[in-house]
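A.B. asks: I am attaching a structure below and will ask some questions about it afterwards.
Computed from the coordinates by the stated procedures, all read-outs in this text should not be read as laboratory data. Model, not experiment: these values are computed from the prediction. Cβ atoms come from the backbone with ideal geometry, glycine included; neighbour counts cover every protein chain shown.
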Amino acid sequence: MNTLLQTLFDGLALGAVQALIALGFTLVHKASGAVNFAHGSLLLLGGYLVAEFHSALGFVGALTLAAVGTAAAAVLESLVLRRARRSGSATPTILTIGVDILLLTELARRIGGDVLATGDPWGAGTVTFGGITVAQSRIAALLTTTLLVGAFLAAFRWSRWGLAMRALASDQEAAALMGVRADRLRAGAWALAGALAAVAAVFLAAFPTSGLDRTTGQIALAAFPAAVIGGLGSVGGALVGSLVVGLAQAAAAGYQQQLGALGHGASAVAPYAVMVLVLLVRPQGLLGSKEAARV
């Protein structure tokens with residue numbers, strides 16, 4: 001019973017972190033129709049900035065700097081992808097792969113084989129309740145994600161920005177005719193996605209993880225299956241998909257002995273296996289909708 005409770009809590013905490021990343025994928029896709037495959041390297045950049053500056057600026061100051069730095073992804077959208085969009089709908093997505101390779105190569109060179117500490121205030125602290133022991137960092141991840149996602153959903157549902165974003169995702173031409181500034185919305189979506197990635201990086205590198213290394217960005221890409229499972233472009237789907245992926249990874253890790261026939265890397269493969277199974281049943285994702293085209 002304790003193993004089940006531990007697995008459920010770990011899955012919720014991991015799903016919460018994945019939700020911050022999956023929301024980034026969803027925001028960019030809703031605003032610009034592109035899939036940002038550089039999102040993992042942006043997350044690694046955010047974590048690297050926190051690790052480099054937490055001693056001088058403190059944890060909160062370093063995290064603020066990292067969020068601003070990763071939010072500068074809006075510059076990438078404005079200077080590069082906006083022009084590339086004229087060449088075809090797939091061109092921006094392909095360009096993000098190139099950006100990811102360049103940024104990841106430079107960050108891997110700087111980090112090398114080191115494991116960097118982000119200086120988070122939770123350290124290796126744990127809390128025991130209900131017969132299970134959980135890291136304080138995972139409790140902080142749940143609380144932080146709840147606040148950030150709640151604020152985002154409220155703004156997305158009731159603010160003028162959220163209305164404009166929904167209009168842009170529904171029909172770009174109609175939105176433009178109604179006065180929606182598409183370029184500004186796209187840049188804002190990229191900036192918000194980058195800032196959320198920086199916050200997620202801190203929790204991915206926190207205890208019980210040993211710290212930030214050059215593979216952290218690749219681990220974060222497990223959130224891409226979460227976005228696809230929920231339905232790429234669906235905000236609610238990103239949250240549901242993240243929960244499914246988090247629970248799948250936690251179950252694969254918690255019951256590793258019982259799943260020995262699948263190998264020791266089952267938790268890393270679990271998000272993609274679940275994604276394949278879901279897409280076989282619902283190609284549009286759990287909460288996604290089928291696109292209708294008039295012929």
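A.B. asks: If the only charges are +1 at each Lys and Arg Cβ and -1 at each Asp and Glu Cβ, what is the size of the charge dipole of the chain around the Cα centre, to the nearest 20 debye? Intermediate results must be reported in sequence, preceding the final value.
C.D. replies: On the way: 18 positive and 12 negative charges, 184 e Å.
In debye, rounded to 20, the chain gives about 880.
A.B. asks: Turning to a different aspect of this structure: GNM on the chain, C-alpha springs below 10 Å: top fluctuator among 275, 165, 178?
C.D. replies: Maximum among the listed residues: 178.
A.B. asks: Most mobile of 14, 192, 147 per a Gaussian network model of the chain (Cα springs, under 10 Å)?
C.D. replies: The residue that fluctuates most here is 147.
A.B. asks: How many angstrom lie between the Cα centre of the stretch 175-240 and the Cα centre of the stretch 4-49?
C.D. replies: 5 Å
A.B. asks: Under 8 Å for C-alpha pairs, at least 6 residues apart: give me the relative contact order for the stretch 145-295, rounded to a whole percent.
C.D. replies: RCO, the stretch 145-295: 16 percent.
A.B. asks: Please check: in the Gaussian network model of the chain (C-alpha springs, under 10 Å), which one of 163, 204, 221 has the largest mean-square fluctuation.
C.D. replies: Looking only at 163, 204, 221, the biggest GNM fluctuation is shown by 163.
A.B. asks: Determine the shape class of the stretch 1-73: with a ≥ b ≥ c the square roots of the Cα gyration tensor eigenvalues, call it rounded for a/c under 1.5, and otherwise prolate if a/b is greater than b/c, oblate otherwise.
C.D. replies: It is oblate, given that a/c is not under 1.5 and a/b is not larger than b/c.
A.B. asks: P(r) tail for the stretch 2-213, what percent of Cα pairs lie past 25 Å?
C.D. replies: Summing the P(r) of the stretch 2-213 above 25 Å gives 43 percent of all pairs.
A.B. asks: Relative contact order of the chain, please, whole-number percent, based on alpha carbon pairs below 8 angstrom and at least 6 residues apart. Intermediate values should be presented prior to the final figure.
C.D. replies: Details: 484 pairs, mean separation 97.4, N = 295.
Contact order relative to length: 33 percent.
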